[in-house]
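Working notes, structure below.
The values are calculated or read from the model by the stated rules, or taken from the named source; none is laboratory data. Note that the coordinates shown come from a computational prediction; the quantities given were computed from them, not determined experimentally. Note that each Cβ is placed from the backbone with ideal geometry, even for glycine, and that neighbours are counted across all protein chains shown. Each accessible area value is taken on the protein alone, full model and side chains, heavy atoms only, with ligands, DNA and RNA left out. Shrake-Rupley method; radii C 1.70, N 1.55, O 1.52, S 1.80 Å.
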Amino acid sequence: VQLVESGGGLVQAGGSLRLSCATSESIFGVNTMGWYRQAPGKQRELVALITSGGVTNYAESAKGRFTISRDNAKSTVYLQMNSLKPEDTAVYYCNLHKYSMNYWGKGTELTVSS
């Protein structure tokens, strides 16, 4: 399974950006997809999850600003990020959790300037 993230870049504080993660195989069925991030010098942390049933879960830092969604027909998961802050600067990774297996993308970098 391959996951390819896109959509990162440089944005000013207060701006918006949408990340996409395309998978190499269908994401129909029982699975959870998520976005994680890793800032320089910090551990990777959860940003948001979405189950195959559409149930979502967000880190406190993401609540009210970020929205995760998935398009099963396109085998793609999205992360809409609004009101971005400099502390959102990180490499964002897509994750697929399926049948006790975890698959990761290589990440897309987001820099939020103040």
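Within the chain, how many Lys pairs sit with Cα atoms under 21 Å apart, leaving out pairs fewer than 8 places apart on the same chain?
Working: LYS42/LYS63; LYS42/LYS85; LYS42/LYS106; LYS63/LYS85; LYS74/LYS98; LYS74/LYS106; LYS98/LYS106.
Lysine pairs meeting the criterion: 7.
Can you tell which of VAL30, VAL11, VAL47 shows the greatest fluctuation in a Gaussian network model of the chain with Cα springs below 10 Å?
Highest fluctuation of the listed residues: VAL30.
Within the chain, which is the longest segment that contains none of the trypsin sites (Lys or Arg not before Pro) sitting in a DSSP loop with at most 14 other Cβ atoms within 10 Å?
Between the exposed loop sites, the longest stretch runs 64-105.
Of all accessible surface on segment 1-77 at a 1.4 Å probe, what whole percent is carbon and sulfur?
50
Accessible area per residue of the chain at 1.4 Å probe, in Å²?
With all protein chains present, the chain gives 53 Å² per residue.
What longest region of the chain stays clear of GluC sites (Glu not before Pro) that DSSP places outside H, G, I, E and B and that have at most 16 other Cβ atoms within 10 Å?
Longest site-free region, per DSSP loop and neighbour criteria: 61-114.
Work out which chymotrypsin sites (Phe, Trp or Tyr not before Pro) in the chain are exposed loop sites (DSSP not H, G, I, E or B, at most 12 other Cβ within 10 Å) and give the longest gap free of them.
The reported range is 29-98.
One quarter of the convex hull surface, Cα atoms only: what value does that give for the chain in nm²?
Mean projected area of the Cα convex hull: 6.5 nm².
Roughly how many Å is it from the Cα centre of segment 18-37 to that of segment 63-81, as a whole number?
About 9 Å separates the Cα centre of segment 18-37 from the one of segment 63-81.
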